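Notes follow once the structure below has been shown.
The values are calculated or read from the model by the stated rules, or taken from the named source; none is laboratory data. This is a predicted model, so every value here is computed, not measured. Reconstructed Cβ throughout: ideal geometry from the backbone, glycine too, with neighbour counts over all protein chains shown.
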């Protein structure tokens, strides 16, 4: 107990002073947390807050953000060639840098990362592991991560998960994300190691193998993306499986839109009370966001700053307006190839000014991610249809066409929608068109139907990053 | 052998000492169990009592006699005030609330300091001082024992602590006879860590450390294996901690150079407690955790933590 206090003090001081944390110290705190839970059944009161949980007081959040920004900017100006140029061009006084001066620094785009990756590497930290983005927005960006980062992130993540009782010794976590997402794979495996849990990093293998892993090999946790979850649900349904066939207690997804219809089907089939829909992006790790029960997305304030900038003006989005998430991870949580004001192009809606009133009310929130900014359909005037609306509308069709395959464009205020035949199975074209239009809020929809063999060409998903094995021939899933 | 100059016989002294120890041990151990069953102390967000804490505790205990020897009296008193204040605050805040706990601590410590300086001229004054000190020390022992056991201290650790204290007691009573000097030298000073009473010209007492070990062993046995183990532990405490400890001077007819009867009671109790623990472990297996204890029928806890209300539901929209 005494040494636990010393370790907590060391960690707290590291966070307050903005010095590199000792991952081994955090690892020992995980052991302490596990011993506490083994003895008492649960952590003590306010364990999350004591271990650097999210700040909930707005003034503290502001103070924390100012200190984090100033610290991070000063370091990048000295160590990152890209940001040294950028800060010099902006002519800001980094000794007094805070939220007020933030807008003087242009946002960083994925294009910047792809075109001049070497300039983002800090000169004082050697790279240890390269990871790649695995989204569907074109050419992947590659990021180098330091050994410190790859030790710290799993330790912080595991500590938080243990205190929330999301990860326990004896758990088996099955990870079905692309194996090229090496950071996510590494963090998952290391978090399990630190907790005494097992990890099965499978990748995007044929879904039959994933279902076997979940059913026969006793996975208790599943980490995947919604499109692959859809493949798992479809495969398990085809096999006539139900909740009794699985031992899962948590399913976490991220990286894509999760529709209510798919979430409900997955809950019922896999026998879990909730599909947790979290948010993270490779370029801005370790800053994440998590969903509350009211469907808001609450953004981490401890490890970084998340802004919501208006898509048109680049100014902070007004309540009700759409904006893009711009994320700045703070030093010392990111040190090898950091980004500053990284424009994710992930669109969310700014919530009304009054407090959300949910269980995470003190933590800044936006709506759920509505899709990529470049995929919004502008119907003229203020009318906008988001990818989330389209996915939800299509995946709610009676044929359960998961993951939704579609192509949508806007022309003359109308939506030109292409669907595969399987998506409207059991419905006539007119009825399908009516249902989709109603779900989208009533815009005019022109529907075109193509053969199912063209489905995967219409809209790419993360589950399309197939990793073949010699065991199972791949079957086409998704209408 | 020194010549006895006491107005009462050694047997009378022994019997009186036995009575004082017996009353003290019974009050404190049963008080500790009562508290353990009724009150849940606040515990830190992360952390449970472990083997390293035992080592740290022992290091502190070993250093204590030297600190007493070298530090000025006023500083020792300050350290004792800090120690008692902390232990009483942690233990009785969940029961009395913050304000009443501070008032109680202030009264107990203030009265003790005052009586230490003003009431030592008469037997009645001494008795008042002892009575008040005993309340203070007894409450402190109950609080600290609960702090440790409710903090996750296992019977295994208590047994090892008792065994280590046996070695400590033997060394500091024979090879480095500091304990005797400290007890005699610090007697009548404020917050003397003893529980006892004065009869005639003699003071009879038992040390806070001894009371703490007995309480720990008793309550940790109860937590680990239930009432049956607690009864065995209680019998062991009465036998070795009270009876044997009190009657050893009489049986072996010894007094020290200052006519004091200072018995290294842990030298007797420690090995017995350790063997008892081994026997319990062999008979009943793994100890219960605090969570298992709380889930068992043995736990009749009146939760004294402030109740928290569930958040009110969101109001329905006023208009359709």
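In the condition set (1) in contact with a strand residue (DSSP E or B) (Cβ under 9 Å, 6 or more places away or on another chain); (2) not assigned by TED's automatic domain parsing to the domain that holds residue A:140, residue A:276 is compliant with all but (2).
Checking residue A:253 against (1) closer than 23 Å to residue A:166 by Cα; (2) outside any strand (DSSP E or B), which single condition isn't satisfied? Of everything listed in (1) closer than 23 Å to residue A:166 by Cα; (2) outside any strand (DSSP E or B), residue A:253 misses just condition (2).
Of the listed requirements (1) under 18 Å from residue A:223 (Cβ atoms); (2) in contact (Cβ under 8 Å) with a residue 40 or more places away in the chain; (3) within 15 Å of the chain's Cα centre (by Cα), residue A:270 misses just one: (3). Counted as qualifying within the range A:1-114 are the helices (runs of 4 or more DSSP H) with 2 or more residues that are closer than 28 Å to residue A:373 by Cβ, namely A:58-79, A:81-90.
If you go through the range A:307-330 and keep only what is assigned to a loop (DSSP other than H, G, I, E, B) and within 20 Å of the chain's Cα centre (by Cα), you end up with just A:330. State which residue is surrounded by the fewest Cβ atoms within 10 Å (Cβ to Cβ) when the search covers only the range B:267-292 and only residues that are within 14 Å of another protein chain (Cβ to nearest Cβ) and outside any helix (DSSP H, G or I). Among them, the one singled out is B:286. Selection of the range A:197-213 for residues being assigned to a loop (DSSP other than H, G, I, E, B), in contact (Cβ under 8 Å) with a residue 40 or more places away in the chain and more than 20 Å from the chain's Cα centre (by Cα) yields A:205, A:206. Checked against the criterion of being touching a strand residue (DSSP E or B) at 6+ places or on another chain (Cβ under 9 Å) and crowded, with 17+ Cβ neighbours inside 10 Å, the candidates A:76, A:34, A:99, A:69 yield just one match: A:69.
Quick check on the range A:29-50. Is at least one of its residues on the phi > 0 side of the Ramachandran plot and at pLDDT below 90? Within the range A:29-50, one or more residues are on the phi > 0 side of the Ramachandran plot and at pLDDT below 90. The set of residues from the range B:18-69 being within 14 Å of another protein chain (Cβ to nearest Cβ), without any contact (Cβ under 8 Å) to a residue 24 or more places away in the chain and not in a loop (DSSP other than H, G, I, E, B) comprises B:52, B:55, B:56, B:59, B:60.
As a summary of the residue check, residue A:335 satisfies the conditions (1) farther than 18 Å from residue A:370 by Cα; (2) outside any loop (DSSP other than H, G, I, E, B) except for the one numbered (2). Exactly one residue out of A:226, A:243 is surrounded by 24 or more Cβ atoms within 10 Å (Cβ to Cβ) and more than 30 Å from residue A:35 (Cα to Cα): that is A:226. When A:30, A:37 are screened for being closer than 20 Å to residue A:151 by Cβ and within 13 Å of chain B (Cβ to nearest Cβ), only A:30 passes. Restricting the range A:1-27 to residues that are within 14 Å of another protein chain (Cβ to nearest Cβ) and within 16 Å of residue A:157 (Cβ to Cβ) leaves a set whose member that is surrounded by the most Cβ atoms within 10 Å (Cβ to Cβ) is A:26.
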